[in-house]
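> Below is one structure. I have some questions about it.
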Amino acid sequence: MKQPARILVADDSRDDVFLLRQAFSEAGLAASIDHMLDGEQAIQYLLKADPAPDLILLDLKMPRMDGFGVLECLRTQPRLRDLPVVVLSASIIEEDKNKAKALGARAFFTKPASSEDLIALVTNISQQWLPALAA
């Protein structure tokens with residue numbers, strides 16, 4: 001039996017993470033999702049995680065340390081710098097997208113408004129960044 005993909009979600013919205021978990025489940029994608037409420041928690045988790053998660057889904061606007069700070073910190077850690085990070089944010093600001101990508105985010109998606117669109121998005125993310133999960 002295949003091991004579920006390990007995903008870290010860094011997002012200060014418990015509701016958004018609940019919906020994300022539901023979307024993975026409804027899409028039939030087995031994922032073990034760990035949730036951190038802010039960037040500082042996410043970095044502390046990542047520095048201790050062994051093995052590191054397969055993917056990070058990162059919100060930009062969080063307390064204590066935002067997503068940009070997380071991206072900057074990850075790139076200074078040799079063990080974590082190549083970890084795939086996908087930004088999942090409410091932001092529609094082009095400058096945010098460009099800055100996130102410049103700091104190493106592999107992709108940037110705006111959080112969808114409907115559950116159907118969220119299911120489609122997690123399926124797309126799985127196909128691109130977790131091919132073993134989507135197989």
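> Using C-alpha positions alone, give me the convex hull volume of the stretch 1-81 per residue in cubic angstrom.
It comes to 83 Å³ per residue, whole-number rounded.
> Quick one: Karplus J couplings for the stretch 63-70, per residue in order, coefficients 6.51, -1.76, 1.60, θ = phi - 60°, nearest Hz, x for Gly and Pro?
Coupling constants for the stretch 63-70: x, 6, 8, 7, x, 4, x, 4 Hz.
> Continuing with the same structure: Of the lysine pairs in the chain, how many meet both conditions: Cα atoms under 24 Å apart, and a spacing of 8 or more in sequence or different chains?
Lysine pair count for the chain: 8.
> Could you give the radius of gyration (one decimal) and Dmax (whole number) of the Cα atoms in the chain, in Å?
Gyration radius and largest Cα-Cα distance of the chain: 13.7, 43 Å.
> Something else now. Hey, quick one: spin label on residue 102, modelled 7 Å out along Cα-Cβ, who in the stretch 46-73 has an amide N within reach, i.e. under 14 Å?
68-69, 72
> Now for a different question. Charges at C-beta only: +1 for Lys and Arg, -1 for Asp and Glu. How large is the resulting dipole of the stretch 1-114 about its Cα centre, in Debye rounded to 20?
In debye, rounded to 20, the stretch 1-114 gives about 340.
> What does the helix-only formula give at 222 nm for the chain: each DSSP H stretch with n ≥ 4 adding -39500 (n - 2.57), the total divided by the residues, and the result rounded to the nearest 500 deg cm²/dmol?
Calculated mean residue ellipticity at 222 nm is -13000 deg cm²/dmol.
> For a quick protection proxy, order the peptides 91-101, 51-61 by their average other-Cβ count within 10 Å, most packed first.
In descending order of packing, they fall as 51-61, 91-101.
Throughout, read-outs are computed from the coordinates displayed, never taken from laboratory work. Because the structure is a prediction, the values reported are computed rather than measured. In this analysis, Cβ positions are derived from the backbone assuming ideal geometry, glycine residues included, and neighbour counts consider all displayed protein chains.
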